[in-house]
Amino acid sequence: MCGITGFLTCERLAPNARRALERMLGVLAHRGPDGPGALVRPESGLAMGHTRLAINDLGDGGAQPLTSADGSVTATVAGEFYGFRRVRAELTARGERFATKSDSELVLPLYRRHGLDFARLLRGEFAVALFDAERDRLVLVRDRFGVRPLFFHLRDGLLAWASEAKALLEHPSVPRRLSPRASVNQLVQVMVPGTTAFEGVEALLPGHLLVVDREGDVLRARTHKYWDLEFPHEGEWDGGDPQDHVDAVRSVVTDALAARVEADVPVGLYLSGGMDSGALLGMSAALAQRPPEAFTIAFTDPAYDESGIAAKVAEHAGAELTTCRVGDEELYDEHYARAVWHSERTFYNTLGVAKMHLSGAVSRRGFRAVLSGEGADELFAGYPAFALDHTSGGPTGADELFVGAILPARAQQHAGFERAVGFTPGWVQPWVSTWGLVRPLLADGLLAGLGDYDPLEAVAERLDRGAMEHRGRLDRAQYSWVKTMLDGQILSWGGDRVDMANAVETRPVLLDHHVAETAVRVPPDLRIREGTEKWVLREALRHAMPDFLYERRKFAFMAPPAHRSAERARRLARLTGKYLTRARIAEVGVCDPDRVLRFLAEAPADNASANERDKVHNHLLGLHVLHDLFIR
């Protein structure tokens, strides 16, 4: 894993171009502690940069940018390509010659042979920038689920790109302003796919390419979707014996795991109290003939702490376990602001802050790569909200802790999602309630400028309705989540951004596209069977985990909210007193100071109301921290 950045212009680069690239690379230094690499071609209007985290080919051969022998293709890569040794051997037999042992070099011959279709042949988590000198073309590519981030600014004869939006802000031609609409979306939690907090900065969508051709003094851009999560039409799921689905899932998960344990450095594993990471630990131990070192979080609030279960799982597998203890002081103060800086957006819960501490523990143990279980809940319907959509029932007693947070306190409908999805998915219903709390806090001037803008409507409009037509109810719920919350939350401020804060590469085994293409063929009633979430995955991996884990229900990973502890509430109040003053709220201009201060002073009626208000409090705080860090 690394960081990439660069820019392309229609004219000769300005004299300060190298300095601008150096500033952009400097902001990404945490992603690549093994040093920067740069290529600046003033006469070609091209600058490309790379900050390296060495995982494969630990010597100088892994340095980037990479250029083909004939000089026609230059590329930078952030991420990993799995199974690259086999592909490299096959290409060698076809006459290709490789200058390094790095997996990243694959993009050069694959692009020359297959053109833009080369993206379909890549397996892994990656962001790629590639310049084709013969066609005078710049190509950006992002992996299928968006595990690795990639942002760009395209305007007035300039294309700039980077692994993190903050690097783009270092280019002198990129504006440094928060987007009013994005600010509203952040207060409600759900970002519009393809957007960022900053005006003029876009996110390349997962599974997409951005192709920019230079024609004289004009840059012509087009996007192309090379992959999507394609559920069969309703009633066309593969029938037959459920055991066939169990066996198929086991096979592809094993293959995905085997691909991801290969590296030139030791690979650890994030271990929670859930079955996904627990099963991966057991399978990893079998693959490597010894278990990987595992890492888990311990919270002081027993209702949210799974470290005891994780310790039992590690003991069962014979794995060494490092426990990162996250107390109230670790969730707030300067740690909170640091997590916002890395995430570049607000968050409703401090789980990302906790995860940042966990990746720090991984780094201190000398690990650069860890396996994780992300994707299991998305592909196999593990989240409590999916059960609501599948059965149209209410939350169970085990879910009460999350009501008002990730589960709705009361059933909600939203017209935009009713049109786009056919119903209002359970995952979005809490944010409908949040919008009801946030809208009255907005400043009159902002409201006038927004007109009838509805942040949830904007999200719904970005969903591909064709991908959901004639699909099952559960399929539509999962698809809409993957295209919004997976990319915008799980893999960003809960994943890459806080892992790479400490130069740790996460390898989510279940987000392999072969696993995904198998999972969508599983009938909904085998994903959730008789109330058991992830049934087919649970059965496929049952003997790789202890019985107590196989029998355990899904427990969502969240940090304990501030309202459950006087000490956390005190620390949150201290941050509030610094960033949410009347003067600062007025300066940012998104919210009305009097309305916000009244909201913060009001007492919640019950636990669900406290969870709802805690989310809004975090978003308000995060938005003003963002302004302080990047604008003020």
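The values are calculated or read from the model by the stated rules, or taken from the named source; none is laboratory data. No experiment lies behind these values; they were computed from the predicted model shown. Neighbour counts run over all protein chains shown; Cβ positions are idealised from the backbone, glycine included. To get the accessible areas, we keep the full protein, side chains included, count just its heavy atoms, and leave off ligands, DNA and RNA. Shrake-Rupley method; radii C 1.70, N 1.55, O 1.52, S 1.80 Å.
Summed over the range 224-236, the residues that are open to solvent by 60 Å² or more (accessible area, probe 1.4 Å) and either among the hydroxyl-bearing types (Ser, Thr, Tyr) or touching a residue at least 40 places away in the same chain (Cβ under 8 Å) (or both) give a count of 4.
Can you find a residue that is among the acidic types (Asp, Glu), open to solvent by 30 Å² or more (accessible area, probe 1.4 Å) and at pLDDT 95 or above anywhere in the range 312-324? Yes, because at least one residue in the range 312-324 is among the acidic types (Asp, Glu), open to solvent by 30 Å² or more (accessible area, probe 1.4 Å) and at pLDDT 95 or above. Within the range 547-568, the set of residues being surrounded by fewer than 17 Cβ atoms within 10 Å (Cβ to Cβ) and not in a loop (DSSP other than H, G, I, E, B) comprises Asp547, Phe548, Tyr550, Arg564, Ala566, Glu567.
In the range 319-333, the residue that is farthest from Ala298 (Cα to Cα) out of those that are assigned to a strand (DSSP E or B) and not hydrophobic (A, V, I, L, M, F, W, C) is Thr322.
Among the residues examined, Trp481 qualifies as out of contact with any helix residue (DSSP H, G or I) (no Cβ under 6 Å at 6 or more places or on another chain), among the aromatic types (Phe, Trp, Tyr), at negative phi and not in a loop (DSSP other than H, G, I, E, B).
Among all positions in the range 576-589, there is no residue which is open to solvent by less than 70 Å² (accessible area, probe 1.4 Å), in a helix (DSSP H, G or I), within 27 Å of Phe380 (Cβ to Cβ) and touching an Asp or Glu at 6+ places or on another chain (Cβ under 9 Å).
Tallying residues that are in a loop (DSSP other than H, G, I, E, B), touching a Leu at 6+ places or on another chain (Cβ under 9 Å), farther than 15 Å from Val139 by Cα and open to solvent by less than 10 Å² (accessible area, probe 1.4 Å) within the range 178-216 yields 3. Among the residues making up the range 1-22, those that are out of contact with any helix residue (DSSP H, G or I) (no Cβ under 8 Å at 6 or more places or on another chain) and in contact (Cβ under 8 Å) with a residue 12 or more places away in the chain are Ile4, Leu8, Thr9, Cys10, Glu11, Asn16, Arg18, Ala20, Leu21, Glu22. Listed conditions (1) under 28 Å from Arg465 (Cα atoms); (2) at pLDDT below 95; (3) part of a helix (DSSP H, G or I) are all met by Arg419, apart from (2).
With the condition being open to solvent by 20 Å² or more (accessible area, probe 1.4 Å), among the basic types (Lys, Arg) and in contact (Cβ under 8 Å) with a residue 24 or more places away in the chain, I'd like the strands (runs of 3 or more DSSP E) fully within the range 73-177 carrying at least 1 qualifying residues.
On the way: elements: 73-81, 124-132, 137-142, 151-155, 158-162.
Output list reads 137-142, 151-155.
Any idea which residue in the range 614-632 is nearest to Arg571 (Cα to Cα), counting only those that are of a type in the set (D, E, K, R) and open to solvent by 10 Å² or more (accessible area, probe 1.4 Å)? Per the stated criteria, the residue is Asp614.
Is it true that Lys483 is charged (D, E, K, R), farther than 27 Å from Leu121 by Cβ and either under 18 Å from the mean Cα position of the chain (by Cα) or modelled with pLDDT of 95 or more (or both)?
Values: charged (D, E, K, R): yes; farther than 27 Å from Leu121 by Cβ: no; either under 18 Å from the mean Cα position of the chain (by Cα) or modelled with pLDDT of 95 or more (or both): yes.
It is false that Lys483 is charged (D, E, K, R), farther than 27 Å from Leu121 by Cβ and either under 18 Å from the mean Cα position of the chain (by Cα) or modelled with pLDDT of 95 or more (or both).
Taking the conditions (1) assigned to a loop (DSSP other than H, G, I, E, B); (2) touching a Lys or Arg at 6+ places or on another chain (Cβ under 7 Å) in turn, Val536 satisfies each one other than (1). Can you name the number of the only condition in (1) of a type in the set (Asp, Glu); (2) more than 23 Å from Glu334 (Cβ to Cβ); (3) at pLDDT 95 or above that Asp628 fails? Asp628 satisfies all of (1) of a type in the set (Asp, Glu); (2) more than 23 Å from Glu334 (Cβ to Cβ); (3) at pLDDT 95 or above except (2).
Per the listing Arg142, Arg137, the residue uniquely farther than 20 Å from Trp227 by Cβ, touching a strand residue (DSSP E or B) at 6+ places or on another chain (Cβ under 6 Å) and modelled with pLDDT of 95 or more is Arg137. Scanning the range 379-403 for residues that are modelled with pLDDT of 90 or more, of a type in the set (Phe, Trp, Tyr) and part of a helix (DSSP H, G or I) returns Phe380, Phe386. With respect to (1) farther than 30 Å from Pro266 by Cα; (2) outside any helix (DSSP H, G or I); (3) open to solvent by 10 Å² or more (accessible area, probe 1.4 Å), the lone exception for Thr346 is condition (3).
Scanning the range 247-266 for residues being touching a Leu at 6+ places or on another chain (Cβ under 8 Å), under 20 Å from Ala317 (Cα atoms) and at pLDDT below 95 gives a total of 1.
Which residue pairs have Cβ atoms under 6 Å apart, sit 6 or more places apart or on different chains, and have a first residue in the range 583-609 that is farther than 27 Å from Phe402 by Cα and of a type outside the set (Lys, Arg) and a second that is open to solvent by 30 Å² or more (accessible area, probe 1.4 Å) and modelled with pLDDT of 95 or more? Correct list of pairs: Pro593/Arg582; Pro593/Ala586.
Going through the range 35-64 one residue at a time, which ones are hydroxyl-bearing (Ser, Thr, Tyr) and open to solvent by 10 Å² or more (accessible area, probe 1.4 Å)? Quick ask: steps written out before the conclusion?
Narrowing the range 35-64 to residues hydroxyl-bearing (Ser, Thr, Tyr): 44, 51.
If the condition is that a residue be hydroxyl-bearing (Ser, Thr, Tyr) and open to solvent by 10 Å² or more (accessible area, probe 1.4 Å), then Ser44 is the only one that fits.
Residue pairs whose Cβ atoms lie under 7 Å apart, separated by 6 or more positions or on different chains, with the first residue in the range 372-386 and on the phi > 0 side of the Ramachandran plot and the second hydrophobic (A, V, I, L, M, F, W, C), are Gly375/Leu510; Gly375/Leu511; Ala381/Leu474; Ala381/Ile528.
Residues in the range 259-289 that are open to solvent by 30 Å² or more (accessible area, probe 1.4 Å), out of contact with any Asp or Glu (no Cβ under 8 Å at 6 or more places or on another chain), farther than 20 Å from Ala54 by Cα and in contact (Cβ under 8 Å) with a residue 12 or more places away in the chain: Ala286, Leu287, Ala288. The residue list Val340, Val353, Val370 contains one member that is open to solvent by less than 10 Å² (accessible area, probe 1.4 Å) and assigned to a strand (DSSP E or B), which is Val370.
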